[in-house]
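Below you'll find the structure, written out as C-alpha cells, and then a few comments.
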C-alpha cells in the first residue's frame, strides 16, 4: 500500500502547516515482503540557508523508527511523549517507520526494553550501513537488508501489529477492556503482549491514536464540536479531552486549531 501524502495525513507532526514550509517530507512504500514489518520509508529534506533553524515537534507513532542522517544510523524506540528535532543548514534524513510491533522480531527481546531509547545501528544489526550520498540508494539497501532478515515463520508480534492497525483505523475503539473483548483475549494477556511486542501499554496506544484524530480534526478547517468529539473519542467530557490534549500536545485543542488555520510565514 502506498503511504498517504502529508497533505492527507499529518498524524504525529505537530503544527505541520508551519513545519512543511521549513522542510519537505516524502513517503515511500516498502517492498511487499518487508511490508510485513515496515509501514513506510520517509525522507525529510531541508534547505534553511540564510534562514533561522527550525525545531520540529513530533508526537511519534507507537513504533520503532530507524533514522539515517549525517552519516549515522540509530534505532529509536517507542516514545512516551513529544520529541523534538532541530533542523539547520542543508540536510536530509531517511527514516524507516516500522509497523507497531514490527521491530520485535528483529530486536529479539521485548520492545519495552527500548522505550524512549536510541541505540546505534550496529548494536542491533551487528554491521554498519553503507555511506550513501542520497536517500534513494539507501532505501534500496535498507529494504534488501531487512528482507534478508525477515523471520521465515509468522512471528506472534505480527498478530499484535494487526490489532494495533485495527485500533488506528477505528476511532470507536476507546477502552482496553472493549478491545480485549473484541479481540477475544483477556485484558492482562493483551497488556503483556503490548509490553512485549509494542513497548507501550494498550491504553497508551489507544489514546495516542485518539489524540492524532483530535489534532487532525483541529487542523481540518471546520471548528469541531469539542464536546461531541470528546465523547466520540472516549474522553469523559470536553474538559477531559482538553486536559489530555494540552498535557501531551502543549496547547489546548482550540488554540491548536486556531494556530493551524493561520497561513504560516514563508
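Every number here is computed from the coordinates shown, using simple stated rules; none is lab data. Just so we're clear, the structure is a prediction, and the values are computed from it rather than from any experiment. Methodologically, a virtual Cβ is constructed for each residue, glycine included, from the backbone with ideal geometry; neighbour enumeration extends over all protein chains shown.
Per the helix-only calculation at 222 nm, which mean residue ellipticity applies to the chain, given -39500 (n - 2.57) for every DSSP H run of n ≥ 4 and division by its residues, nearest 500 deg cm²/dmol?
Taken over the chain, the calculation gives -11000 deg cm²/dmol.
So what's the projected area for the stretch 16-147, the Cα convex hull averaged over all directions, in nm²?
7.9
Note down the nm distance, to one decimal, between modelled labels 7 Å out along Cα→Cβ at residue 118 and at residue 49.
For residue 118 paired with residue 49, the spin-label model returns 2.7 nm.
Suppose the chain between residue 188 and residue 225 were pulled fully straight at 0.36 nm per residue; how much longer would it get relative to their current alpha carbon spacing?
Stretched fully, the residue 188-residue 225 segment lengthens by 9.8 nm.
Would you mind getting me the FRET efficiency between residue 148 and residue 26? Use the beta-carbon distance for r and R0 = 22 Å, nearest 0.05.
Efficiency at R0 = 22 Å is approximately 0.30.
Hey, with R₀ at 51 Å, roughly what FRET efficiency would residue 251 and residue 128 work out to, going by the Cβ-Cβ distance, to 0.05?
0.80
Report the relative contact order of the chain, percent, no decimals, based on alpha-carbon pairs under 8 angstrom and at least 6 residues apart.
19
Mind sorting out which of [x] 19.4; [y] 18.8; [z] 18.1 is the real Kirkwood radius over Cα pairs in Å computed from the coordinates?
Identified label for the calculated read-out: [x].
Could you give the distance between the Cα centres of the stretch 30-59 and the stretch 96-117, to the whole Å?
18
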